[in-house]
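Reading through the structure tokens given below for one structure.
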Amino acid sequence: MFVVEPEVDDRAPLLVDGAHQAVSMPDMIIATQSHDARYASSFACDGAATRVNLRDPTKAAVLALAEHLGGALPTHLGADRSRSDRGVIGVEEEWLWSVGSHPLSSTCAFGGGSLTRTQKDVVHRAYALTAVDAAAAAVNAGVKTLRALKTTGAGAGAGGVRARGDDGLKALRSAGRHAMDALRAHARVAEGFQTLAEAMERLDFDAVAAASARAERDARAFRDACEEIAAAMRPGRCTRRRRVDGVGGGAAGVIVLAVVAVVIVHGLRSEKLKPKIN
């Protein structure tokens, strides 16, 4: 989080885009701090302008952080599903919900620097589900990579495997090691999802955050292992040397890798694995 302050002799209000004390960016949060303690904002309540203390950006920074981590929005914003049949979901404003003394209330003048317990619960759940989606996407990407592999000589020209000589045997052995890494990483992902669901049921959000980070890390490890398998079995590496007559270690390696690939592809179906969270 970056907090920007104006020069000492500059009394003009410093706002992001001329309207916000803090905003959430893809990889950071930017907050501003100015001299004016009773700045007249663009909002009004009961006919009077809502004044904001620009010296204290806590409320705006907490709102930006809640949006960054859990997708929380001000309470007066909601989903407009009037055109959902055409695949369009817009945003509608209902200011009757802009009540309370908390960061998500845009008409809250002073104070309101802490989220309510319900809002904290929403942020934690959204953060966990986002992590699960990211982990599932990484696993699905790895499975897609394996499905594109063809372990027959006929498919070597289109990303398949044709092992010849010592180079082919080395490539097959390397791919076999990565296949075992992929299986172990996938098992850790499944276990992590179960741990995350159990922690969520207990409302143990510290354990949820830790399990979410582990699941994402293990899912990336699975995807990377699948990419290593594909890289090891590229035709350019497997056909570098001339053909060796007879059935040797290379041909046996093709059979072994074919079995491993079939087990991974058919055992790890490309689907989103989400814990059941009530």
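The values are calculated or read from the model by the stated rules, or taken from the named source; none is laboratory data. Bear in mind that the values here come from a model prediction, so they are computed numbers and not experimental data. Using ideal geometry, Cβ is built from the backbone for each residue, glycine included, and neighbour counts are taken over all protein chains shown.
Brief remarks on what is shown
- Test: ARG177 is basic (Lys, Arg) and farther than 25 Å from ARG125 by Cβ: yes
- Scanning the range 41-74 for residues that are part of a strand (DSSP E or B) and closer than 26 Å to GLU92 by Cβ turns up SER41, SER42, PHE43, ALA44, CYS45, ALA48, ALA49, THR50, VAL52.
- Meets criteria (hydroxyl-bearing (Ser, Thr, Tyr), out of contact with any Ser or Thr (no Cβ under 6 Å at 6 or more places or on another chain) and at pLDDT 75 or above) for THR50: no
- Every pair of residues 6+ apart whose Cβ atoms lie under 6 Å, when the first sits in the range 51-73 and is on the phi > 0 side of the Ramachandran plot while the second is surrounded by fewer than 23 Cβ atoms within 10 Å (Cβ to Cβ): GLY71/ALA126
- In the set (1) in contact with a strand residue (DSSP E or B) (Cβ under 8 Å, 6 or more places away or on another chain); (2) under 22 Å from SER98 (Cβ atoms); (3) buried (at least 17 other Cβ atoms within 10 Å of the Cβ), VAL16 fails one condition alone, (3).
- Unmet criterion (only one of (1) part of a helix (DSSP H, G or I); (2) surrounded by 18 or more Cβ atoms within 10 Å (Cβ to Cβ); (3) at pLDDT below 90) for ARG162: (1)
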